[in-house]
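A.B. asks: The structure is given below, and queries will be raised subsequently.
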Amino acid sequence: MTNLIPPDYCSLIQLLSNRLFTIPEYQRSYSWSKRQRDDLFDDIESLEKEKDDETIHFMAMLVCRRRGKVKLDTDRFIHLDVVDGQQRLTTLVILFNAIRYALDQEDDGQRREADKLETLLIKQESEDLLLLQTNHDSSHFFETYLRKGTAPSTDTARTLADRNLLSAIHECRRFVDAWVGRGLTLLGLANLIKHQLMFVLYETSDEKTVYTVFEVLNSRGILVASLDKLKTAMMGLAFSIRKRVIRERLIDQLHNTWRDIHATIGLRKDLDTEALRFAATLYLEDRPSKLLSEEAAVDVLRDRAGTSASSIRKVARWVSDVTKACQAVRLNRRQEAVTAIVQARLLGVALNAGDFRDEEVSELLAIWERVSFRIYGLHDKDARTGVGDYCRLAWDIVNTDISFEDVYERIRRIGSMYPIEDGIEKMRSGFRPETAGNADCYTDWTDQLRYLLFRYEEHLAEKSGESIDNNHWEFIWAKEANLSIEHIRPQSTAPDDIKHSMGNLMLLPPGMNSRLSNKPPREKAATYRKTGFHHASEVADMLEASPGWSKGTCKRREKKILDWVRKEWGD
């Protein structure tokens, strides 16, 4: 393997000394969770319990590409791009900084150690150089933390990378505080981390060799995200192209494509996994009856990429396009009750990716939403239902010349297998066997209920020629569904046969229902009107006519809503 410097087995301080590290933008952002950081903290605590400076713990392999050397005054640093191992390296740098700021400046020994850590982490001769330059740090949380020791709460994060970084900072601080709280010294902690955590460094000056080493390590069971495995495989294919101009251009395009993919993922957990599975399932040569697994998805897309620049580029762009389509489906919070089932999301993505006019896409998405809620909402079916029908249709939309009319009819036929009257009967008699006989549209059904009542609010607004207040509704969608659901007749006093019935349930801004608590229905009417919600005003009108909110009144409201459900989600 050419240009590969022999692996270096070294302690963390040896690894970091005289080196500068950069995580390229096309690499995955910081993604470690609390569980992985806790595992690291456990490893460190286990070393401390050994009470033996000779005991070591092997942390990981670090795969890097050498970019050159950087000269600062009389010091020279090897500049490396981190290709694998960035999660562990980033966390340890954050932990070092937490120790640095926790050290007592009034104590000579601790002050000297703090100065050493500052020199290690921040290269004072240049404002642009840190020991580690992270990627996807658009808010500069990592840089600010290294330079100033400050970090805001995780609530300020706008991307998943930011949230993970801020969580790491606060957890490392708590770990350091807990270490001191157990009567242990920070100098001992710094010494342990520096000299007893060991790494193997693979370093090469050739980018092709970097990805070859990375793929070999993956094949030996190293846990790596599937999307990164695909990128590594495609980079390897790109480096195999003989014509230099085509090869270099393709490599740049792949870097840019993966940077866009990671930027698109943003705060959406598991979006990368879903996009990968969707992209591969829809890219199969033969029509599928189920979604591919992560592992199979990587294999399919790698095989379909082939060996030509055009096919490699096509697959990369497809993955990027599907990632964006997945994000668009997930970002519509109003549809969470529709898109809770994975095959429903797959079909939604395919509709957005199909070759239809904008107005046709709108019509198809409307019937997709209607049918999917009828199946998974009103009939309360789980993810085992309709898998084959949804997957086959999604594939046909992307891979055949299927017409708008045919797609519309096939979605309608899928829905026709689940009659609207059966769904309405479930709402009348209860979704769960244990509640049979007593209508229960509340227990384990709050997401669906919120969606349905929102649609009812839209219906009433349209009927009155008015619009809904989006500010109120954005707040409602941002919170847990149960925080907005109001029992008109309080649960503590309502008879079982109407307590959780559709007629006794409505939506309020989060927190308002808890403030109303167990007040009698008549006393709630004025508050209902103040919300500005059309369905709340409708309830207020009924309360004025029936102050006690009798069973009869509740049943009349239930019938009115269910009659509307029949029209809205029926054939």
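A.B. asks: Which pairs do you get when a residue that is in the same structural domain as Asn518 (by TED's automatic domain parsing), found in segment 546-559, comes within reach of a residue that is surrounded by fewer than 16 Cβ atoms within 10 Å (Cβ to Cβ) and of a type in the set (A, V, I, L, M, F, W, C), reach meaning Cβ atoms under 7 angstrom, with the pair 6+ apart or on two chains?
C.D. replies: Pairs that qualify, where the first residue is in the same structural domain as Asn518 (by TED's automatic domain parsing) and the partner is surrounded by fewer than 16 Cβ atoms within 10 Å (Cβ to Cβ) and of a type in the set (A, V, I, L, M, F, W, C): there are none.
A.B. asks: Would you point out which residue out of Ala305, Ala328 is surrounded by 15 or more Cβ atoms within 10 Å (Cβ to Cβ) and either without any contact (Cβ under 8 Å) to a residue 60 or more places away in the chain or of a type in the set (A, V, I, L, M) (or both)?
C.D. replies: Numbers: Ala328 fails: surrounded by 15 or more Cβ atoms within 10 Å (Cβ to Cβ).
Just one listed residue meets the conditions, Ala305.
A.B. asks: Does Met506 count as of a type in the set (A, V, I, L, M) and buried (at least 20 other Cβ atoms within 10 Å of the Cβ)?
C.D. replies: Numbers: of a type in the set (A, V, I, L, M): yes; buried (at least 20 other Cβ atoms within 10 Å of the Cβ): yes.
The answer is yes for Met506.
A.B. asks: Another one. If a residue has to be at pLDDT below 80 and closer than 23 Å to Ala279 by Cβ to count, how many in segment 200-231 make the cut?
C.D. replies: Final tally of qualifying residues: 9.
A.B. asks: Filtering segment 43-78 down to residues that are surrounded by 11 or more Cβ atoms within 10 Å (Cβ to Cβ) and β-branched (Val, Ile, Thr), which residue is farthest from Thr22 (Cα to Cα)?
C.D. replies: Thr55
A.B. asks: Moving to a separate point now. Could you run through segment 165-190 and say how many residues are without any contact (Cβ under 8 Å) to a residue 40 or more places away in the chain and in a helix (DSSP H, G or I)?
C.D. replies: The number of residues fulfilling the criteria is 6.
A.B. asks: Which one of Ser484, Ser501, Ser517 is over 25 Å from Glu568 (Cβ atoms) and among the hydroxyl-bearing types (Ser, Thr, Tyr)?
C.D. replies: Checking each option against the conditions leaves just Ser517.
A.B. asks: Sort out which residues of segment 241-276 are over 28 Å from Ser293 (Cα atoms) and either hydrophobic (A, V, I, L, M, F, W, C) or in the same structural domain as Arg345 (by TED's automatic domain parsing) (or both), and write them in order of number. Spell out how you get there, then give the answer.
C.D. replies: Just the residues of segment 241-276 that are over 28 Å from Ser293 (Cα atoms), to begin with: 241-249, 252.
Residues satisfying the conditions are Ile241, Val245, Ile246.
A.B. asks: Still on this structure: Can you find, within segment 526-571, the residue that is surrounded by the most Cβ atoms within 10 Å (Cβ to Cβ) among those that are more than 20 Å from Ala494 (Cβ to Cβ) and among the small types (Gly, Ala, Ser)?
C.D. replies: Only one residue fits best here, namely Ser537.
A.B. asks: Something else: Tally up the residues in segment 50-62 that are under 37 Å from the mean Cα position of the chain (by Cα) and at pLDDT 85 or above, please. Reasoning before the result, please.
C.D. replies: Initially, segment 50-62 is screened for residues under 37 Å from the mean Cα position of the chain (by Cα), giving 56-62.
Checking the rest, the ones that are also at pLDDT 85 or above come to 56-59, 62.
Looking only at that region, the number is 5.
A.B. asks: Also: Every residue in segment 21-49 that is out of contact with any helix residue (DSSP H, G or I) (no Cβ under 9 Å at 6 or more places or on another chain) and modelled with pLDDT of 90 or more, please.
C.D. replies: Start the filter on segment 21-49 by keeping residues that are out of contact with any helix residue (DSSP H, G or I) (no Cβ under 9 Å at 6 or more places or on another chain), which leaves 22, 35, 39, 42-43, 46, 49.
Matches in segment 21-49: Arg35, Asp39, Asp42, Asp43, Ser46, Lys49.
A.B. asks: Quick test of your reading of the structure: Lys290 fulfils all but one of (1) modelled with pLDDT of 95 or more; (2) assigned to a helix (DSSP H, G or I); (3) not aliphatic (A, V, I, L, M). Name the failing condition by number.
C.D. replies: (2)
A.B. asks: Of the residues Asp115, Asp155, Asp128, Asp137, which single one is part of a helix (DSSP H, G or I) and at pLDDT below 90?
C.D. replies: Values: Asp115 fails: at pLDDT below 90; Asp128 fails: part of a helix (DSSP H, G or I); Asp137 fails: part of a helix (DSSP H, G or I).
Checking each option against the conditions leaves just Asp155.
A.B. asks: Considering each of Leu393, Leu452 in turn, give the residue that is farther than 25 Å from Met502 by Cα, of a type outside the set (Phe, Trp, Tyr), touching a residue at least 24 places away in the same chain (Cβ under 8 Å) and not in a loop (DSSP other than H, G, I, E, B). Step through it out loud before you land on a result.
C.D. replies: Working: Leu452 fails: farther than 25 Å from Met502 by Cα.
The unique qualifying residue is Leu393.
A.B. asks: Could you count how many residues in segment 383-409 are buried (at least 18 other Cβ atoms within 10 Å of the Cβ) and under 12 Å from Ile367 (Cα atoms)?
C.D. replies: 1
A.B. asks: Can you tell me which residue in segment 428-449 is nearest to Met502 (Cα to Cα), limited to those that are among the hydroxyl-bearing types (Ser, Thr, Tyr) and either outside the structural domain of Thr531 (by TED's automatic domain parsing) or modelled with pLDDT under 85 (or both)? Give the derivation first.
C.D. replies: Here is the first cut: in segment 428-449, the residues among the hydroxyl-bearing types (Ser, Thr, Tyr) are 429, 435, 442-443, 446.
Restricting the remaining residues to those that are either outside the structural domain of Thr531 (by TED's automatic domain parsing) or modelled with pLDDT under 85 (or both) gives 429, 435.
Values: Ser429: 11, Thr435: 14 Å.
By that ranking, first place goes to Ser429.
A.B. asks: Could you tell me which numbered condition Gln87 fails, if it satisfies all but one of (1) farther than 19 Å from Glu118 by Cα; (2) part of a strand (DSSP E or B); (3) out of contact with any helix residue (DSSP H, G or I) (no Cβ under 6 Å at 6 or more places or on another chain)?
C.D. replies: (2)
A.B. asks: Could you tell me which numbered condition Asp406 fails, if it satisfies all but one of (1) in the same structural domain as Leu365 (by TED's automatic domain parsing); (2) in contact with a Leu (Cβ under 9 Å, 6 or more places away or on another chain)?
C.D. replies: Condition (2) is where Asp406 drops out.
A.B. asks: Now a separate question. Identify, from the list Val70, Val93, the residue that is in a strand (DSSP E or B) and aliphatic (A, V, I, L, M). Working first, answer last.
C.D. replies: Details: Val93 fails: in a strand (DSSP E or B).
Just one listed residue meets the conditions, Val70.
A.B. asks: Has segment 424-445 got any residue that is within 24 Å of Leu347 (Cβ to Cβ) and surrounded by fewer than 16 Cβ atoms within 10 Å (Cβ to Cβ)?
C.D. replies: no
A.B. asks: Just for segment 241-279: of the residues that are among the small types (Gly, Ala, Ser) and at pLDDT below 85, which one is nearest to the chain's Cα centre (by Cα)?
C.D. replies: Of segment 241-279, the ones among the small types (Gly, Ala, Ser) are 263, 266, 275, 279.
Next cut, at pLDDT below 85 only: 263, 266.
Working: Ala263: 12, Gly266: 7 Å.
The residue in question is Gly266.
A.B. asks: Further question on the same structure: Looking only at residues in segment 11-36 that are more than 31 Å from the chain's Cα centre (by Cα) and in a loop (DSSP other than H, G, I, E, B), which one is surrounded by the fewest Cβ atoms within 10 Å (Cβ to Cβ)? Working first, answer last.
C.D. replies: Restricting attention to segment 11-36, the residues satisfying the condition of being more than 31 Å from the chain's Cα centre (by Cα) are 11-19.
Within this subset, residues satisfying the condition of being in a loop (DSSP other than H, G, I, E, B) are 17-18.
Values: Ser17: 13, Asn18: 11.
My answer is Asn18.
A.B. asks: Criterion first (in contact (Cβ under 8 Å) with a residue 60 or more places away in the chain and either within 15 Å of Ile485 (Cβ to Cβ) or assigned to a helix (DSSP H, G or I) (or both)) does Leu562 satisfy it?
C.D. replies: Yes.
A.B. asks: Filter segment 158-199 down to the residues that are at pLDDT 95 or above and among the aromatic types (Phe, Trp, Tyr), then identify the one that is farthest from Gln105 (Cα to Cα).
C.D. replies: Step by step, filter segment 158-199, then rank; the result is Phe175.
A.B. asks: Looking for whichever is acidic (Asp, Glu), in a helix (DSSP H, G or I) and over 17 Å from Leu271 (Cα atoms) here; the options are Glu369, Glu295. Which one fits? Talk me through it step by step, then tell me what you get.
C.D. replies: Working: Glu295 fails: over 17 Å from Leu271 (Cα atoms).
Going through Glu369, Glu295 in turn, the sole match is Glu369.
A.B. asks: Can you say whether Phe77 is among the aromatic types (Phe, Trp, Tyr) and closer than 29 Å to Thr150 by Cβ, as far as the supplied structure shows? Give the derivation first.
C.D. replies: Values: among the aromatic types (Phe, Trp, Tyr): yes; closer than 29 Å to Thr150 by Cβ: yes.
The answer is yes for Phe77.
A.B. asks: So which residues in segment 468-482 are assigned to a loop (DSSP other than H, G, I, E, B) and of a type outside the set (A, V, I, L, M, F, W, C)?
C.D. replies: Asp469, Lys479, Glu480 - these are the residues of segment 468-482 that are assigned to a loop (DSSP other than H, G, I, E, B) and of a type outside the set (A, V, I, L, M, F, W, C).
The values are calculated or read from the model by the stated rules, or taken from the named source; none is laboratory data. Note that the structure is predicted; figures quoted are calculated from it, not measured. All Cβ positions, even for glycine, are placed from backbone atoms using ideal geometry, and neighbour counts span all protein chains on display.
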